[in-house]
1. Tell me, which residue of the stretch 102-134 that is over 27 Å from Tyr58 (Cα atoms) and of a type in the set (A, V, I, L, M) is farthest from the chain's Cα centre (by Cα)?
2. Mind listing just one residue for me: the one in the stretch 128-179 that is within 19 Å of Ser204 (Cβ to Cβ) and hydroxyl-bearing (Ser, Thr, Tyr) and, of those, surrounded by the fewest Cβ atoms within 10 Å (Cβ to Cβ)?
3. Please find, among Phe72, Phe7, the residue that is under 30 Å from Tyr183 (Cα atoms) and more than 20 Å from the chain's Cα centre (by Cα).
4. Please go through the stretch 53-72 and pick out each residue that is without any contact (Cβ under 8 Å) to a residue 12 or more places away in the chain, part of a helix (DSSP H, G or I) and exposed (fewer than 15 other Cβ atoms within 10 Å of the Cβ).
5. For the stretch 4-36, which residues satisfy the criterion of being β-branched (Val, Ile, Thr) and under 12 Å from Thr160 (Cβ atoms)?
6. For Phe7, indicate whether it is aromatic (Phe, Trp, Tyr), in contact with a helix residue (DSSP H, G or I) (Cβ under 6 Å, 6 or more places away or on another chain) and modelled with pLDDT under 95.
7. Within the stretch 77-92, which residues are closer than 30 Å to Ile23 by Cβ and either among the acidic types (Asp, Glu) or free of Cβ contacts under 8 Å to residues at least 24 places away in the same chain (or both)?
8. Among Val50, Val69, which is among the β-branched types (Val, Ile, Thr) and closer than 27 Å to Leu112 by Cα?
Amino acid sequence: MEAWQLFLNSLGPIALGALLGTIPLALASFALGLVIAIGIALMRISVNPVLSAIARFYISVIRGTPLLVQLFVIFYGMPAVGITIDPWPSAIIALSLNVGGYGAEIVRASILSVPKGQWEAAYTVGMNRTRTLTRIILPQAARVSVPPLSNTFISLVKDTSLASTILVTELFRVTQQIAAASYQVMVVYLTAALVYWVICLVLSSGQGAIERRLDSRVAH
């Protein structure tokens, strides 16, 4: 009975931590990360070898280092060179850069999945590379990239828990505070796991709806 009461008492604050911390942090980081991903993907497929090399290096660094280390470098490491960034901006920067590194390969693969004939057809009607990308290639690549990018967003929601290590108040940090005050670690952390699970279920349902809508448009 005591455990059930603790569950009920913890559920509200933890859910509020998700609503005010985890979800806004994930949305902001994903939006900025997607912009970075598109930019890096375009650099990666650029005919300019310097741009392509820079993009490959960026992707290699992001994918080759843990997100926790990236968070610590930005929040704890940057002050060593005279740059101090508050917890929330630090978390958004680190998470966005991480999403950009992984998302860039998704976007690049989606662009390359568009048949080359689409490029040639656009060139024959007088469209330059930029207009071909924005009007022909990227809209088609967007359909292909939705499922993997949606999975990236769902993973990002869970990765926001690492932001608690740099003092960001979100779902997991609220959970830690409740657990420390109640000494009932199992119940509190299981409550947090339940909230994460529900969020991911909702996002997965949304992902399925978007995919079905895109598939129906393709079918027509």
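The values are calculated or read from the model by the stated rules, or taken from the named source; none is laboratory data. A quick note: this is a predicted structure, and the numbers were derived from the prediction, not measured. Cβ atoms come from the backbone with ideal geometry, glycine included; neighbour counts cover every protein chain shown.
1. Val125
2. So, considering only residues that are within 19 Å of Ser204 (Cβ to Cβ) and hydroxyl-bearing (Ser, Thr, Tyr), the one surrounded by the fewest Cβ atoms within 10 Å (Cβ to Cβ) is Ser155.
3. Values: Phe72 fails: more than 20 Å from the chain's Cα centre (by Cα).
Checking each option against the conditions leaves just Phe7.
4. Of the residues in the stretch 53-72, the ones without any contact (Cβ under 8 Å) to a residue 12 or more places away in the chain are 53-54, 57, 60, 64-66, 69.
Filter once more, so that each one left must be part of a helix (DSSP H, G or I): 53-54, 57, 60, 64, 69.
Residues satisfying the conditions are Ala53, Phe57, Ser60, Gly64, Val69.
5. Here is the first cut: in the stretch 4-36, the residues β-branched (Val, Ile, Thr) are 14, 22-23, 35-36.
If the condition is that a residue be β-branched (Val, Ile, Thr) and under 12 Å from Thr160 (Cβ atoms), then Thr22, Ile23 are the ones that fit.
6. Working: aromatic (Phe, Trp, Tyr): yes; in contact with a helix residue (DSSP H, G or I) (Cβ under 6 Å, 6 or more places away or on another chain): yes; modelled with pLDDT under 95: yes.
Against the criterion (aromatic (Phe, Trp, Tyr), in contact with a helix residue (DSSP H, G or I) (Cβ under 6 Å, 6 or more places away or on another chain) and modelled with pLDDT under 95), Phe7 qualifies.
7. Within the stretch 77-92, the first condition is being closer than 30 Å to Ile23 by Cβ, and the residues that meet it are 77-79, 83-92.
Across the stretch 77-92, the qualifying residues are Gly77, Met78, Pro79, Ile83, Thr84, Ile85, Asp86, Pro89.
8. Numbers: Val69 fails: closer than 27 Å to Leu112 by Cα.
One residue alone meets the criteria, Val50.
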